[in-house]
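The values are calculated or read from the model by the stated rules, or taken from the named source; none is laboratory data. These figures come from a predicted structure and were not determined experimentally. FYI the Cβ positions are ideal-geometry reconstructions off the backbone, even for glycines, and counts take in every protein chain you see.
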Amino acid sequence: MADRLGVGIAGSGFMAGFHVRSFVGVRDADVVAIAGRTRKSVDELGDTCRELRIGDPTSYGDVRELVRDPKVDAVWVTTPNHVRLETIRAIAEEVTSGRGSLRGIAIEKPLGRTVAEAKEIVALVEEAGLAGGYLENQVFAPGLTRAHELAWGRGAAVAGSPYLARCAEEHSGPHRAWFWQGEKQGGGVLNDMMCHSVEAGRFLLTPPGAVKSAWLTPVTVNAQISCLKWARPAYADQLVRRYGPEVDYRRAPAEDYAHATIGYVNGDGEEAMVEATTSWSYVGAGLRLSFELLGPEYAMAANTLDTEAKVFLSREISGPSGEDLVEKQNAEGGLMPLLADEAASYGHTDENRHMVRSFLDGTKPTESLHDGLFVTRLLMAAYLSAQEERSIRWDSADLDDFVPDVAKGTWRAR
Ligand SMILES: NC(=O)c1ccc[n+]([C@@H]2O[C@H](COP(=O)([O-])OP(=O)(O)OC[C@H]3O[C@@H](n4cnc5c(N)ncnc54)[C@H](O)[C@@H]3O)[C@@H](O)[C@H]2O)c1
């Protein structure tokens, strides 16, 4: 058994930066290679790795070269959603042809933009004989995992299983043009962020150590989507000014608000419900992740903006805007929350520690590619429900060829 994992990162953007910072808390891996489209961002991320002493990565312009590097044992895929399938195809081809040799591949959310894409990704990874991990960080967030353990260990053990999980992720809008474009991203905020909330809900409702898909069986999915803020003419124009004519919410909006309820039957035969809410129309201090779990005699709650540290800056102080206090920060004055280690608080550090250990030990990650595929099915059922304004019954939903109107660019905000 190897005792260290050489990690190659495909992509050198926002998420690759989060992973790099998280590896400070992962003791049995080194970042040995980074591949991206722009040499400058790849080199800069490599410099960050050297400063943080988490590796001395080689820069590559092509993911195929990265896979051929014998130092790379596993690849973390952080390329954008519309490039995801071609990235996985390239990695799988290098491995099946024998030009590269890997133990595993860890893939960012969402696994695919449709069920068909997610299924192809799972098949490519399995046919190449690779272990696969689905990078859903929120179910590794320490606030969530510890509260989950206590709610089940002290509450559910005495009073019975929980029945309601509420999960929300909200911020004021994504950081790159492609996220806003339904045809590239695969949808709007439902695809981008509800993937987190539905999986966090499944995690909370499942006993610690149990397999989520064995404990929870979906029954119905109901959802609603809207474009509450960014389809307003003044805000649609703001997007055009920021990103150019390809992000035109007067012509081709994507939803900036989504709400879904997913009804399950749990392993005790009891009814359980996930309520998921996501938005790109929340202007608060910054990114807010909130979670609740309710059971017969107990409840837990977590909110990432209820930070242990805050700073206050008076009206006499003005300075440049930044994201130095919290992700998707919206202000630099007044009483502001700050997260000292966002990679840890959002779960990326524990997620990567778990993935590295699973790949080294040859065990199946608790978030597998099949979980990613399951999440994609839930999201597609939610889009179908929203666009047809009806409740979707899980056992009769045919989602394999479904492409949401938002992803086709044909959805209209109202
Ligand atoms: N888990 C989370 O909380 C979280 C947060 C943000 C993003 N993500 C996911 O991570 C992925 C990347 O998002 P991001 O915010 O880093 O995006 P980004 O646009 O900031 O970075 C994407 C990177 O991929 C590279 N890239 C673009 N096109 C490419 C191509 N054709 N071939 C190779 N590389 C290419 C870019 O150069 C860039 O380095 C997305 O799937 C997104 O959904 C996850």
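For the reader, a short list of remarks on this structure follows.
- As for segment 117-129, it holds at least one residue that is within 16 Å of the ligand (Cβ to nearest atom), over 19 Å from Gly36 (Cα atoms) and within 16 Å of the chain's Cα centre (by Cα).
- Taking segment 218-307 as the region of interest, the strands (runs of 3 or more DSSP E) fully inside it that hold 3 or more residues being in contact (Cβ under 8 Å) with a residue 12 or more places away in the chain and closer than 21 Å to Ala331 by Cβ are 288-295.
- Tally of residues being outside any loop (DSSP other than H, G, I, E, B) and either surrounded by fewer than 13 Cβ atoms within 10 Å (Cβ to Cβ) or modelled with pLDDT under 95 (or both) across segment 335-356: 1
- Scanning segment 203-238 for residues that are buried (at least 23 other Cβ atoms within 10 Å of the Cβ), away from the ligand (no atom under 16 Å from the Cβ) and closer than 23 Å to Arg393 by Cα returns Leu204, Leu205, Thr206, Val221, Ala223, Ile225.
- Residue selected from segment 179-197 under the condition within 10 Å of the ligand (Cβ to nearest atom) and in contact with a strand residue (DSSP E or B) (Cβ under 6 Å, 6 or more places away or on another chain), by the criterion farthest from Leu373 (Cα to Cα): Met193
- Matching entry among Ser321, Ser314 (being surrounded by fewer than 21 Cβ atoms within 10 Å (Cβ to Cβ), more than 24 Å from Ser197 (Cβ to Cβ) and either under 27 Å from the mean Cα position of the chain (by Cα) or within 15 Å of the ligand (Cβ to nearest atom) (or both)): Ser321
This table checks each residue for (1) surrounded by fewer than 20 Cβ atoms within 10 Å (Cβ to Cβ); (2) more than 26 Å from Lys40 (Cα to Cα).
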{"residue": "Ile54", "(1), (2)": "no, no"}
{"residue": "Thr58", "(1), (2)": "yes, no"}
{"residue": "Leu66", "(1), (2)": "no, no"}
{"residue": "Pro70", "(1), (2)": "yes, no"}
{"residue": "Val75", "(1), (2)": "no, no"}
{"residue": "Gly98", "(1), (2)": "yes, yes"}
{"residue": "Ile105", "(1), (2)": "no, no"}
{"residue": "Gly112", "(1), (2)": "no, yes"}
{"residue": "Asn137", "(1), (2)": "no, yes"}
